[in-house]
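Every number in this text was worked out from the coordinates using simple rules, so none of it is lab data. Everything numeric here is computed off the predicted structure, so don't read it as measured data. When we count neighbours, we look across all protein chains shown, and the Cβ atoms used for this are built from the backbone with ideal geometry, even at glycine.
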Amino acid sequence: MSEPLPLRKAIDRIHEGVIRIPGFQRKFVWEPERAALLMDSIYKGYPFGSVLLWRTRNKLEGEKQLGGFVLSDPQKDYPTDYVLDGQQRLTSIFATFQTQLSPLAEDPEVWLPIYYDFEAVADAQESHFVALAQGDAGAERYFPLRAFFDPVGFAQAVSSLTDERKVEIVTVQEKFKEALIPAETFENEDRASVAIVFERVNRMGVDLDIFELLTAWTWSNEFDLQDKFMELSEEFTSFGFDEVGSDNDLMLRCCAAILKGDPSPAALIDINGAEVRAEFDRVAQALRLAIDFLRSNLHIRHVRSLPYTAQLIPLAAFFSHSQSRPITDDQRSTLLRWFWRSSFGHRYSGNPGRNIKTDVDEALKLRQGADSALDAITANVDDSFFSRNTFNARTVATKTFILMLAGNHPLTFLSGQNVSLEEVLSEPNRKEFHHCAPKAWVAKGNAAGADRVGALANFAIISRTENRTIKDLAPSEYRKSMPVDITRISQAAFIPGSLWADEFDTFIAERAKLLAASALGLIG
């Protein structure tokens with residue numbers, strides 16, 4: 001049913017609680033300037049989009065506020081119109097003109113009152129309307145749109161204007177009084193049909209992401225996909241993986257890989273919502289098992305420690321099948337080779353969609369006992385990986401390097417005790433990673449090699465406390481504070497004897513070779 005809504009009627013129906021926002025809609029996200037442009041389009045008679053409403057007699061359990069406004073409860077036994085499309089426009093119109101509720105708090109990034117600018121250039125391109133803080137809106141130049149549907153407020157606002165500007169603003173007001181919002185109303189009590197309508201409308205160009213579409217598909221009073229993701233985020237907090245649950249795109253890709261064998265979120269569009277609800281426990285358990293694998297086998301204590309967060313996707317797909325059956329030693333070895341090869345080989349850099357899909361396919365074959373080429377990917381590592389890459393905790397190379405150090409069971413430099421990896425790796429940062437050859441010492445006496453002081457080969461897991469002791473001492477000097485026999489310490493950190501001889505250039509070259517040999521062992 002198509003029935004345009006006059007602006008005044010739309011505002012009244014929102015006030016009365018008749019027009020409402022379903023829980024699967026996104027929040028109000030328009031910036032003030034965009035709302036001002038909407039007013040200019042209405043004023044000039046430009047098309048500004050239609051509104052799609054779902055009319056039902058059943059009140060939804062999950063609703064969102066309209067902008068920041070708390071709306072009245074709908075009347076009993078009276079149809080409610082839920083906004084399926086056009087929420088941003090309706091919210092902007094309501095926030096601009098309504099006067100019964102407290103106005104939205106002024107925030108330049110969220111909301112500012114909209115004014116008509118008497119001095120705006122009169123042409124088709126320039127807007128006659130601006131979003132301004134009240135303190136910046138002088139009454140002689142700017143007229144508040146909030147007064148347009150408030151007779152008393154309008155009379156007060158025009159009282160100080162010149163006769164010429166009174167005529168001008170009345171003409172502007174009339175255009176808004178006569179303006180109509182194109183609206184279509186869909187009446188159906190079948191929620192599955194509503195989800196289909198919402199999804200199809202959004203396929204036709206409305207700027208909503210796949211997460212919102214899937215939320216619409218899976219939505220019910222008993223199941224809210226966003227709530228489920230947040231529950232997992234809270235569960236994973238103690239493992240350092242809370243960001244997995246709050247990363248909608250990553251979660252959707254994991255869901256798609258598990259439910260459809262295809263890591264593209266678009267693969268979920270045609271899935272039955274009931275299937276997602278029925279299978280979500282399997283999704284959650286697959287993620288739990290994947291995270292446990294990363295923690296147990298690779299010492300990963302935080303999702304940011306992953307060279308690529310997308311590496312979680314094939315792992316989740318692998319653990320989505322036969323969840324009660326332990327993995328075999330051969331499967332574990334294959335998964336580990338794949339992990340190291342995909343990390344050292346930068347497999348997921350650039351546009352990795354095809355590689356992720358291939359790895360999901362092969363991970364599923366591996367779990368099902370079929371021939372799998374999951375670890376049949378190339379990764380060439382040589383000395384230069386460690387001598388030329390600079391330590392930066394945000395890069396793939398550095399994250400891979402850190403995990404390799406952790407996997408060699410490092411010992412503290414000065415006491416020779418086991419390093420507490422739980423503490424060191426729980427929050428990725430560079431506070432527990434320091435130069436083997438201190439930067440200041442290299443700068444003093446090794447100018448020829450100073451450009452390599454930041455290389456991976458010059459870093460080890462050294463606590464802040466130890467680093468304060470080492471400071472800028474020559475390696476031969478702080479060696480005196482170490483145990484007499486440092487064989488185990490050196491082996492655990494891949495340290496050659498040239499470090500303690502203060503031979504910096506030789507040390508970098510020799511340690512890079514030791515690290516490369518270890519990396520080649522990991523990638524098989």
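Taking the DSSP beta bridges in region 5-185 as the whole, what percent of them are antiparallel, to the nearest 5?
75 percent
What angle do you read, to the nearest 10 degrees and between 0 and 90, between the alpha-carbon axis of helix 273-298 and the longest principal axis of the chain?
30 degrees
Mind checking the full-extension length gain between S333 and E3? Use 0.36 nm per residue of separation minus the Cα-Cα distance, one decimal, nm.
112.4 nm
Among A10, F318, Y478, whose Cα lies farthest out toward the positive end of the dipole of the chain, if unit charges sit on the beta carbon of Lys, Arg (+1) and Asp, Glu (-1)?
It is Y478.
Quick one: Debye curve from the C-alpha atoms of region 209-367, no solvent, what's log10 I(q)/I(0) at q = 0.10, 0.12, 0.14 Å⁻¹?
-0.33, -0.48, -0.65
Shape call for region 5-185 from the C-alpha gyration tensor, a ≥ b ≥ c root eigenvalues: rounded (a/c under 1.5), prolate (a/b greater than b/c) or oblate?
prolate
Which angle from 0 to 90°, rounded to the nearest 10, does the C-alpha axis of helix 191-203 make with the longest principal axis of the chain?
80 degrees
Taking H as built 1.01 Å from N, whose amide H comes closer than 5 Å to the amide H of I19, not counting residues under 5 places away?
HN-HN under 5 Å from I19: I14, D81.
Give the value in nm², to one decimal: projected area of the alpha carbon convex hull of the chain, averaged over all directions.
Taking a quarter of the hull surface, the average projection is 31.8 nm².
Taking 45 Å as R0, compute the FRET efficiency from the Cβ-Cβ separation of V29 and K471 and round it to 0.05.
0.35
If a paramagnetic tag sat 7 Å from the Cα of T99 along the Cα-Cβ line, which residues of region 158-178 would have the backbone N under 18 Å from that point?
158-161, 166-167, 169-178
Just want to confirm a number: the relative contact order over the chain, from Cα pairs under 8 angstrom separated by 6+ residues, in percent.
Relative contact order of the chain: 11 percent.
Spelling out what I want: for every residue of region 472-488, take phi, set θ = phi - 60°, compute 6.51 cos²θ - 1.76 cosθ + 1.60 (Karplus), and round to whole Hz; glycine and proline get x.
Working through the residues one at a time gives 10, 6, 5, x, 5, 7, 6, 4, 5, 8, 9, x, 4, 9, 10, 4, 5 Hz.
Step through the residues of region 79-86 one at a time and calculate ³J(HN,Hα) from phi using the Karplus curve (6.51 cos²θ - 1.76 cosθ + 1.60, θ = phi - 60°), rounding each to whole Hz and writing x for Gly and Pro.
x, 10, 9, 8, 7, 8, 8, x
Per residue of region 162-174, what does 6.51 cos²θ - 1.76 cosθ + 1.60 with θ = phi - 60° give for ³J(HN,Hα)? Whole Hz please, x for Gly and Pro, Karplus curve as stated.
Listing the rounded values in order: 5, 4, 4, 6, 4, 4, 4, 6, 5, 4, 5, 4, 4 Hz.
Roughly what percent of Cα-Cα pairs across region 302-415 reach past 22 Å?
Percentage above 22 Å: 38.
Hey, could you get me the Stokes-Einstein D for region 383-523, Kirkwood radius over alpha-carbon pairs, 25 °C and 0.890 mPa s, rounded to whole µm² s⁻¹?
The diffusion coefficient I find is 164 µm²/s.
Would you work out which of I42, L71, N58 lies farthest towards the positive end of the dipole of region 36-76? Charges go on Cβ: Lys and Arg +1, Asp and Glu -1.
Positive-most Cα among the choices belongs to N58.
Give, rounded to the nearest 20 debye, the magnitude of the charge dipole that region 5-185 has about its Cα centre when Lys and Arg contribute +1 at Cβ and Asp and Glu contribute -1 at Cβ.
Dipole about the Cα centre, nearest 20: 780 debye.
Suppose only helical runs count, i.e. DSSP H with n ≥ 4. What mean residue ellipticity at 222 nm does that imply for the chain under -39500 (n - 2.57) per run, divided by all residues and rounded to the nearest 500 deg cm²/dmol?
Dividing the helical sum by the residues of the chain leaves -14000 deg cm²/dmol.
Calculate how steeply helix 225-236 sits against the longest principal axis of the alpha-carbon atoms of the chain, using the helix alpha-carbon long axis, and give the answer as 0 to 90 degrees to the nearest 10.
30 degrees
How high is the relative contact order of region 383-523, given as a whole-number percent (alpha carbon pairs under 8 Å, six or more residues apart)?
33 percent
Considering only C-alpha atoms, what is the centroid distance from region 62-140 to region 1-46, in Å?
Measuring centre to centre over Cα atoms gives 8 Å.
If amide hydrogens are placed 1.01 Å from N in the peptide plane, which non-local residues have theirs closer than 5 Å to the one on E63?
The list, which skips near neighbours in sequence, is G23.
Where Lys and Arg each count +1 and Asp and Glu each count -1, what net charge lies around V70 among other residues with Cβ under 13 Å from its Cβ?
Residues near V70 contribute 0 overall.
Longest exposed-loop-site-free stretch of the chain, with trypsin sites (Lys or Arg not before Pro), DSSP loop and at most 16 other Cβ within 10 Å?
With a cap of 16 other Cβ atoms within 10 Å, the longest stretch comes to 142-393.
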